[in-house]
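To start, the structure itself, in structure tokens.
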Amino acid sequence: MKRGLSMSDLNIPARPKRRSLPLYGKILIGLGLAIVSLIVAAGVYANYIIQKANDVIDDVGVKESVPPEQSAKIKPLTIMLMGIDHRKETGSLNTDVIMVVSLNPERKSATVVSIPRDVQLTPDNLPHRKANYYYPHFYLQDKETVFAKTKELFSDYLEVPIDYILTIDFNGFVKAIDELGGLTLDVDMDMCYKDSYDGTDINLKKGTQLLNGKQTLDFVRYRKSSNSCSVRTAESSDVERNMRQQQVLDKMFGKLKSFSGITKVGQLIEAVGEEMKSDIPASQIRDFIEKYYNIDRNNINYVHLEGDWISPYIIVKDEELEEAKAALKAELGLEASVRPSSSPGATPVGTARPSSRPTSTPAPTPKPTSTVTTPKPSPSGKPGSVTEDTYGNKNSSANKGTVGTKETSKVKETSNNGTNSSRETISIKEETSNKETRR
């Protein structure tokens, strides 16, 4: 019988035995698969976040098309951020946080100038008051033009074009911090203030600690103590408040970039959406998010306007104001001599600077004659005291004749020197509706 061929007859070498992967190889493969799975999951979740964000952005943003060359992904722009204190208990409307932010997409950087609420402004054809006076003043005149008029006023003050404005009610601020799981902050002093009239109850101890939304709001708003506290705490200046606000902003950026922050973006957007108002087109908001979401915190330049306290105002020195103006203009790529257009939101024509931050402080330019005038010091005034009303009015009757329905409510306060003083806040009521007016 004829024998069949075998593998050995064909001279085909035998297949070598497969070697098993070492343990570290299996671990690397497992880790790689896990990373791929996370990327896929993140992509799915990102789509979920984008959908949530789109719904809120469409509500908050303006339905307006933006030319491609005006996109935040290409063009340096400036946004004004305002924290609004509108309490249904008192009907008050105050702007306790005022920031102007210029952003540069090429460098992916930002300059933030904080304006203390007590800074004196002396605009032409308007009352000379504190910085926090003007938004409620314009709001009472015409809700439809409040954003445009506010941008124009502060654009003239800082000599830079302010393209957009965004306001967030303090309720939204509290919700945002709570959604992020709180912030670990360095509380620089003991803080106690209680006011049964508006429900304020601030009680914080000095030291680094995790604060929830309400405590973080107390941290950035604290000004002085009250007689209701068992132990009165020291007063705090507007400059210190601004530094706290910038510390909170920095910590929020850090938290948002963490994995825990990313996974909460959907809830965060949903929570604060109804508390925000802006004139930013919806497509531009998406461009801002896409371009600056992961901005390096080291590329954010914080500028403090400190000034001197001359009751009841903070008076900013000329050179200090010029440095702030120069920092914003450098971020926008504008020469220091370029002034903004009189049209709110429009960017002036100017010579671009090189695309890098200045290594030294630009020399101050002469100050316009209509910027700030220094009032005579009040003999009884001291930092933190309220010798007149919140907005710097010397006579409450000066507010009479304002367009709209306005009520003023005087609240007795006691400053640290033991003297009583009055604080006026603006209250707003709708003429045609019993519903609470928002902002």
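The values are calculated or read from the model by the stated rules, or taken from the named source; none is laboratory data. Predicted, not measured: the structure shown is a model, and the values here were computed from it. When we count neighbours, we look across all protein chains shown, and the Cβ atoms used for this are built from the backbone with ideal geometry, even at glycine. Ligands, DNA and RNA are excluded from the accessible area calculation, which covers all protein heavy atoms including side chains. Shrake-Rupley method; radii C 1.70, N 1.55, O 1.52, S 1.80 Å.
Quick notes on this structure:
- R0 of 25 Å, Cβ-Cβ distance residue 124-residue 198: FRET efficiency to nearest 0.05: 0.15
- Heavy-atom accessible area with a 1.4 Å probe sorts 128, 86, 304, largest first, into 128, 304, 86.
- Full extension of the chain between residue 206 and residue 184 gives 6.7 nm of extra length, using 0.36 nm per residue less the Cα-Cα distance.
- Extents of segment 94-217, largest first, come to 45, 44, 25 Å (Cα atoms, principal axes, whole angstrom).
- Largest to smallest accessible area among 283, 311 [probe 1.4 Å]: 283, 311
- Once all protein chains are placed together, residue 272 keeps about 10 Å² accessible to a 1.4 angstrom probe.
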